[in-house]
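The values are calculated or read from the model by the stated rules, or taken from the named source; none is laboratory data. Computed from a predicted model, the values in this text were never measured in an experiment. Don't worry about glycine lacking a Cβ; one is built from the backbone with ideal geometry, like all the others, and counts go over all protein chains shown. What goes into the accessible areas is simple: the full protein's heavy atoms, side chains included, and nothing from ligands, DNA or RNA. Shrake-Rupley method; radii C 1.70, N 1.55, O 1.52, S 1.80 Å.
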Amino acid sequence: MNVPLLVAGSLAILGAAIHGAAGEMLVVRKLSTGMLPPTRFGGSGMTRAMIHVTWHMTTVGLLTVGGGLLLAGSALHGDAARDVALVAAAGSTGFAAVALVLGGSQPLRSVIRHPGPAVLTATAALAWLGVL
């Protein structure tokens, strides 16, 4: 049993659940097609659909990384556990990097109010701690 991987995986799955449910209610459902620009793929309704799909693809990615971390920390052993943990740690690092870089372009107050970057960074740090 690898406690850092289990904690990292639990954080990722909790984050995915919050991202999927709260994000759907607080962000995606509030997107007004009247305020969104059209793209070459279609009108503002298509823009909304692409944001909606991308939002939930991210949720699935977080679930996948979290599941990999839990699996590597509990059920797998040896090289298989290390290999799955490496891939999941790399994925969690990518999520944290995107949140920090793109979120960092916002005012500091906004970044601090949203727990995502901190949780993603903690998840990545714990994942690497578990790998090493």
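Among ALA97, ALA88, ALA80, which is the only one that is buried (at least 17 other Cβ atoms within 10 Å of the Cβ) and either part of a helix (DSSP H, G or I) or modelled with pLDDT under 95 (or both)?
ALA88
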- line: Flagged in the range 61-95 as in contact (Cβ under 8 Å) with a residue 60 or more places away in the chain, closer than 21 Å to GLY20 by Cα and hydroxyl-bearing (Ser, Thr, Tyr), in numbering order, are SER92
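Checking the condition over 14 Å from the mean Cα position of the chain (by Cα) and of a type in the set (Gly, Ala, Ser), which residue from ALA99, ALA85, ALA12 passes?
That would be ALA85, the only listed residue that is over 14 Å from the mean Cα position of the chain (by Cα) and of a type in the set (Gly, Ala, Ser).
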statement: Selection over the range 105-132 where residues are open to solvent by 50 Å² or more (accessible area, probe 1.4 Å) and either part of a loop (DSSP other than H, G, I, E, B) or of a type outside the set (Val, Ile, Thr) (or both) yields a count of 14
query: What pairs can you find where one residue is in the range 16-30 and free of Cβ contacts under 8 Å to residues at least 12 places away in the same chain, the other is open to solvent by 30 Å² or more (accessible area, probe 1.4 Å) and in a helix (DSSP H, G or I), and their Cβ atoms are less than 9 Å apart, with a gap of 6+ or different chains?
result: ALA17/LEU63; ILE18/VAL119
task: Take the range 1-45 and flag every residue that is loosely packed, with under 12 Cβ neighbours inside 10 Å, in contact with a helix residue (DSSP H, G or I) (Cβ under 7 Å, 6 or more places away or on another chain) and of a type in the set (A, V, I, L, M).
output: MET1
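For (1) assigned to a helix (DSSP H, G or I); (2) not hydroxyl-bearing (Ser, Thr, Tyr), each residue gets a yes or a no:
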{"site": "MET1", "(1), (2)": "no, yes"}
{"site": "GLU24", "(1), (2)": "yes, yes"}
{"site": "MET50", "(1), (2)": "yes, yes"}
{"site": "THR58", "(1), (2)": "yes, no"}
query: Would you call MET57 open to solvent by 60 Å² or more (accessible area, probe 1.4 Å), more than 20 Å from THR121 (Cα to Cα) and out of contact with any strand residue (DSSP E or B) (no Cβ under 6 Å at 6 or more places or on another chain)?
result: no
